[in-house]
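Please treat every number below as a calculation from the coordinates, not as lab data. Predicted, not measured: the structure shown is a model, and the values here were computed from it. Cβ placement follows ideal geometry from the backbone for every residue including glycine, while neighbour counts extend to all protein chains displayed.
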Amino acid sequence: MEEAASTELSPPRPLESDTVALPGRDLAEELHETEYPALVRFLLFHGASWNEAQDAAQDAFTQMCAPGVSIRYPKAWLRTVAWRSWVAQQVRLEDSCAEPPEPRVLVRWQTPAHAAELGEEARRVTALLLGLPAKQRAAMAWHLDGFTTQESARAMGTTQAAVRQNLARARAALRAGLGLAGGVGDVHEGRR
């Protein structure tokens, strides 16, 4: 029992190791089957509709296959490019010089199969996640995909402290929305 508790408290291992940049086309062929569904889910947690998430995920894999592209952190690269593709879908031509808009967030992405699998509690959690401010939602989306705060910060172009702060705020908002008191998650906030 003590051994299980100590592994829960240990710092997470990086999702992607520091490697040499590899050709994008080779990576796309290797990663498409496993990463495409995870990439769509990542975008759904940002507030994309099912169709927007699929389009942006496919666009990321298409860009990965462009000639001359080599990538060092492919999972983070895919999420960053897919997120940018989704945001670009939200910008109208007349707004192209303005700041990117706060994406509209609605719980509207369930496919029939997903809706059948999603219980009432999962619907509540999803609605709460989508109601978070954009930075908190982004930090939580990276976290839920298994990235460390260091990896998330690098991919999001921010500091680890900012990622930890947004994760803490997101967790607090989720706990409050679910009517839960502080719990085990608080222990991990300082370590991630």
Practice problem: Describe numerically, in nm with one decimal, the distance between label points set 7 Å from Cα along Cα→Cβ at residue 89 and at residue 30. | Solution: 2.8
Quiz prompt | Length released on extending from residue 70 to residue 162, taking residue separation times 0.36 nm less the Cα-Cα span | solution = 30.3 nm
Quiz prompt | Net +/- balance of residues flanking residue 23 in space, Cβ distance below 14 Å, scoring K and R +1, D and E -1 | solution = -1
Quiz item: Under 5 Å between amide H atoms, partner at least 5 residues away or on a different chain: which partners does residue 71 have, H built in plane at 1.01 Å?
Solution: 22, 24
